[in-house]
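K.L.:
Submitted below is the structure of interest, expressed as structure tokens.
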Amino acid sequence: MSVTVVETIAELRAALAGRTVALVPTMGALHAGHLALVERAGQLAETVVVSIFVNPLQFGPNEDLDTYPRTLETDVEKLDAAGVEFVFAPSVDVMYPHGPSETRVTAGTVGTLFEGRSRPGHFDGMLTVVTKLLGIVRPAVVLFGQKDAQQVFLVQRMVADLDVATRVSVVETVREDDGLALSSRNQFLDEREKRAALALSTALEAAESSGDRGIDAVLAAAQSVLMGESLVRLDYLSVVNPTTFLPVDDDYRGKARVLIAARVGETRLIDNALIHLGG
Ligand code: PAF
């Protein structure tokens with residue numbers, strides 16, 4: 001059985017009628033991180049659908065919408081080899097036939113923090129397209145990668161807040177052997193930048209091993225790694241409560257998520273890790 005690429009909503013709905021579906025939403029430029037989502041999806045439902053759509057709604061005016069890697073042919077080959085049954089690859093006109101959607105799903109306060117501060121409107125655009133994809137595919141389960149921790153949090157909250165009848169399954173970040181989190185944007189890094197980018201995962205490891213000494217020690221440990229790498233320009237480093245995604249207080253104890261965003265050369269990268277704050 002080989003993969004079927006579907007470009008219209010009507011065709012996809014007809015093909016999926018009566019099936020239990022796991023959806024993996026992507027913007028293409030697929031790497032092993034996406035394939036880990038696909039593999040998990042295959043364990044969760046009889047039919048796997050991977051959507052490939054570079055969603056203009058979630059890019060700001062000065063962002064990389066035009067240069068975002070578009071590699072449909074090789075993406076489809078990878079998904080075929082992975083045994084995926086359907087790829088949904090709509091055009092912008094299919095998704096937004098009347099121009100950019102006037103109706104938006106808003107991400108609220110958390111959507112204005114961290115990634116949302118650097119990328120105003122990004123999460124509203126993301127939640128809006130995810131809501132549309134859930135309405136089109138009607139999957140039993142939708143899968144996301146933990147690397148985009150804020151996206152995962154906001155989708156989980158949206159699904160709960162709006163009583164969406166889809167389960168959200170989260171798959172751990174896939175890393176290179178040296179620790180670099182896989183990302184479609186890694187392909188923009190040259191060799192020197194790739195080495196420098198390791199500062200993100202090394203900083204997370206340093207944060208994790210300082211957890212018992214409290215929040216100040218965690219931030220200092222991560223910061224000292226990041227500051228030691230001249231090609232890295234830190235955007236934010238923060239420690240949040242996983243249940244609220246808001247920065248933790250000094251006296252917070254328990255599970256916490258460390259978030260890092262930084263530019264390495266011209267490429268903006270994010271990474272995160274769950275740690276235990278004690279002390
Ligand atoms: O994570 C992504 O690739 C995108 O934000 C998503 C979830 C496919 C929505 O466009």
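K.L.:
For the range 145-234, state what percent of all Cα-Cα pairs lands in each successive 5 Å bin, counting from 0 Å until the bin that includes the largest distance.
P.N.:
Result, from short to long distances: 2, 13, 17, 18, 18, 14, 10, 7, 2, 0 percent.
K.L.:
Still on this structure, I have one more. Quick one: what are the phi-derived ³J(HN,Hα) couplings along the range 173-178, Karplus 6.51/-1.76/1.60 with θ = phi - 60°, whole Hz, x for glycine and proline?
P.N.:
3J(HN,Hα) across the range 173-178, in whole Hz: 4, 9, 10, 5, 4, 7.
K.L.:
Tell me which of PRO120, LEU162, VAL87 sits at the most positive position along the dipole axis of the chain, charges placed on C-beta atoms (Lys, Arg +1; Asp, Glu -1).
P.N.:
About the Cα centre, the residue reaching furthest to the positive side is LEU162.
K.L.:
The range 85-163 to the range 11-50: how many Å between their Cα centroids?
P.N.:
16 Å
K.L.:
Counting helices only, and only those DSSP H runs with n ≥ 4, report the 222 nm mean residue ellipticity of the chain as the sum of -39,500 (n - 2.57) divided by its residues, in deg cm²/dmol to the nearest 500.
P.N.:
-11000 deg cm²/dmol
K.L.:
Further, regarding this structure: Below 10 angstrom from the Cβ of VAL171, what's the summed charge of the other residues (Lys, Arg +1; Asp, Glu -1)?
P.N.:
0
K.L.:
Still on this structure, I have one more. Could you compute the FRET efficiency for THR67 and ASP212, with r as their C-beta to C-beta distance and R0 at 41 Å, rounded to 0.05?
P.N.:
Using R0 = 41 Å, I get an efficiency of 0.45.
K.L.:
Given points 7 Å out from each Cα along the Cα-Cβ axis, report the ASP250 to GLU191 separation in nanometres with one decimal.
P.N.:
It works out to 4.8 nm between the two label points.
K.L.:
Further question: For MET227 and ASP177, what does the FRET efficiency come to when R0 = 22 Å and r is the distance between their Cβ atoms, rounded to the nearest 0.05? List each step's numbers first, then the result.
P.N.:
Details: r = 25 Å, r/R0 = 1.14.
After rounding, the FRET efficiency stands at 0.30.
K.L.:
Which ³J(HN,Hα) values, rounded to whole Hz and listed in residue order, are derived for the range 23-35 from phi using the Karplus coefficients 6.51, -1.76 and 1.60 in 6.51 cos²θ - 1.76 cosθ + 1.60 with θ = phi - 60°, glycine and proline given as x?
P.N.:
10, 10, x, 9, 10, x, 6, 6, 9, 4, x, 5, 5
K.L.:
Suppose the chain between GLU266 and ASP235 were pulled fully straight at 0.36 nm per residue; how much longer would it get relative to their current alpha carbon spacing?
P.N.:
9.9 nm
K.L.:
Here is a further query. For labels at THR20 and ALA32 in the simple 7 Å Cα→Cβ model, what's the distance in nm?
P.N.:
3.1 nm
K.L.:
Calculate one ³J(HN,Hα) per residue across the range 198-210 by plugging θ = phi - 60° into the Karplus curve 6.51 cos²θ - 1.76 cosθ + 1.60, and present them in order as whole Hz with x for glycine and proline.
P.N.:
5, 4, 5, 6, 5, 5, 5, 5, 4, 4, 4, 6, 9
K.L.:
Around THR4, which amide H atoms from residues at least 5 apart in sequence, or from another chain, sit under 5 Å from its own amide H, with H modelled in the peptide plane?
P.N.:
Under 5 Å from the amide H of THR4: PHE86, VAL87.
K.L.:
Okay, moving on. Computed FRET efficiency, Cβ-Cβ of ARG13 and GLU39, R0 25 Å: what is it to the nearest 0.05? Before the final figure, lay out each step's value.
P.N.:
Values: r = 25 Å, r/R0 = 1.02.
It comes to 0.50.
K.L.:
A further question follows. Find which of GLN151, VAL105, SER184 sits farthest along the positive direction of the dipole of the range 104-189, computed with +1 on the beta-carbon of Lys and Arg, -1 on that of Asp and Glu, about the Cα centre.
P.N.:
Of the listed residues, the answer is VAL105.
K.L.:
Report the longest stretch of the chain that contains none of the GluC sites (Glu not before Pro) sitting in a DSSP loop with at most 12 other Cβ atoms within 10 Å.
P.N.:
Longest gap between qualifying sites, sites excluded: 173-265.
Any read-out appearing in this document is the output of simple, stated calculations on the displayed coordinates, not a laboratory observation. Fair warning: this is a prediction, and the values are worked out from it, not measured in the lab. Note that we place each Cβ from the backbone using ideal geometry, even for glycine, and neighbour counts take in every protein chain shown.
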